[in-house]
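Here the structure comes first, spelled out in structure tokens, and everything after it is commentary.
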């Protein structure tokens with residue numbers, strides 16, 4: 001099997017149906033049926049409603065359906081290692097728990113200003129990845145990603161993991 005262009009990145013936060021199909025050795029149509037039947041958790045993005053599957057949801061599905069992770073040599077990254085690193089990092093709403101300055105002003109007075117944000121609702125680690133995929137009105141962060149402390153924190157954490165160094 002040849003690696004797709006998108007699958008060569010070391011860190012994946014979300015997957016498309018064709019990428020999941022490649023990992024599970026099934027067709028894209030099979031993956032779409034799993035999503036439509038809610039066997040595999042995913043969400044739709046953009047005006048055309050393309051599917052995205054978050055890493056923890058993909059791993060949980062693969063484990064519960066006894067689908068083995070493909071070897072690193074086949075896909076270009078170790079899915080199990082990425083999942084372990086992913087689960088060890090805090091989400092942006094956990095990282096900024098006591099700092100409401102990153103949230104749009106209309107949300108700052110709420111008890112949990114992140115509660116309505118799409119990042120919070122889907123439990124995404126990579127808020128910056130969602131920003132590229134969805135309408136900004138569904139995300140409550142006001143800073144550009146390049147200026148965000150969390151963006152730099154996660155990027156550095158994943159670089160350490162990609163290089164094989166310990167996160168502890």
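The values are calculated or read from the model by the stated rules, or taken from the named source; none is laboratory data. All values derive from a computational prediction rather than experimental measurement. Virtual Cβ from ideal backbone geometry, glycine too; neighbours counted across all protein chains shown.
Can you report the number of residues in segment 1-41 which are at pLDDT below 85, over 26 Å from residue 90 (Cα atoms) and surrounded by 17 or more Cβ atoms within 10 Å (Cβ to Cβ)?
First, the residues of segment 1-41 that are at pLDDT below 85: 1-14.
Pick out the ones that are also over 26 Å from residue 90 (Cα atoms) and you get 1-5.
Then drop every residue that is not surrounded by 17 or more Cβ atoms within 10 Å (Cβ to Cβ), which leaves none.
Of the residues in segment 1-41, 0 are at pLDDT below 85, over 26 Å from residue 90 (Cα atoms) and surrounded by 17 or more Cβ atoms within 10 Å (Cβ to Cβ).
Looking only at segment 106-127, filter to residues that are farther than 15 Å from residue 46 by Cα and without any contact (Cβ under 8 Å) to a residue 24 or more places away in the chain; which one of those is surrounded by the fewest Cβ atoms within 10 Å (Cβ to Cβ)?
Step by step, filter segment 106-127, then rank; the result is 111.
Does residue 39 satisfy being in contact with a helix residue (DSSP H, G or I) (Cβ under 9 Å, 6 or more places away or on another chain) and not in a helix (DSSP H, G or I)?
Values: in contact with a helix residue (DSSP H, G or I) (Cβ under 9 Å, 6 or more places away or on another chain): yes; not in a helix (DSSP H, G or I): yes.
Taking the combined requirement at face value, the residue satisfies it.
In segment 109-120, which residues are farther than 14 Å from residue 52 by Cα and out of contact with any strand residue (DSSP E or B) (no Cβ under 6 Å at 6 or more places or on another chain)? Break it down into steps so the answer makes sense when it comes.
Taking segment 109-120 first, the residues farther than 14 Å from residue 52 by Cα are 109-117, 120.
109, 110, 111, 112, 114, 115, 116, 117, 120, listed by residue number.
Can you give me the ranges of the helices (runs of 4 or more DSSP H) entirely in segment 53-168 with at least 3 residues that are within 26 Å of residue 20 (Cβ to Cβ) and modelled with pLDDT under 80?
Details: elements: 55-64, 72-75, 79-88, 92-95, 118-122, 127-133, 149-162.
Qualifying helices (runs of 4 or more DSSP H): 79-88, 127-133, 149-162.
Consider residue 44 carefully, then state whether it is buried (at least 19 other Cβ atoms within 10 Å of the Cβ), closer than 14 Å to residue 122 by Cα and at pLDDT 85 or above.
When the stated conditions are applied, residue 44 does not pass them.
Provide a single number: the residues in segment 121-138 that are farther than 18 Å from residue 51 by Cα and touching a helix residue (DSSP H, G or I) at 6+ places or on another chain (Cβ under 8 Å).
Going residue by residue through segment 121-138, those that are farther than 18 Å from residue 51 by Cα are 137.
After this cut, where a residue has to be touching a helix residue (DSSP H, G or I) at 6+ places or on another chain (Cβ under 8 Å) as well, the list is none.
Result for segment 121-138: 0.
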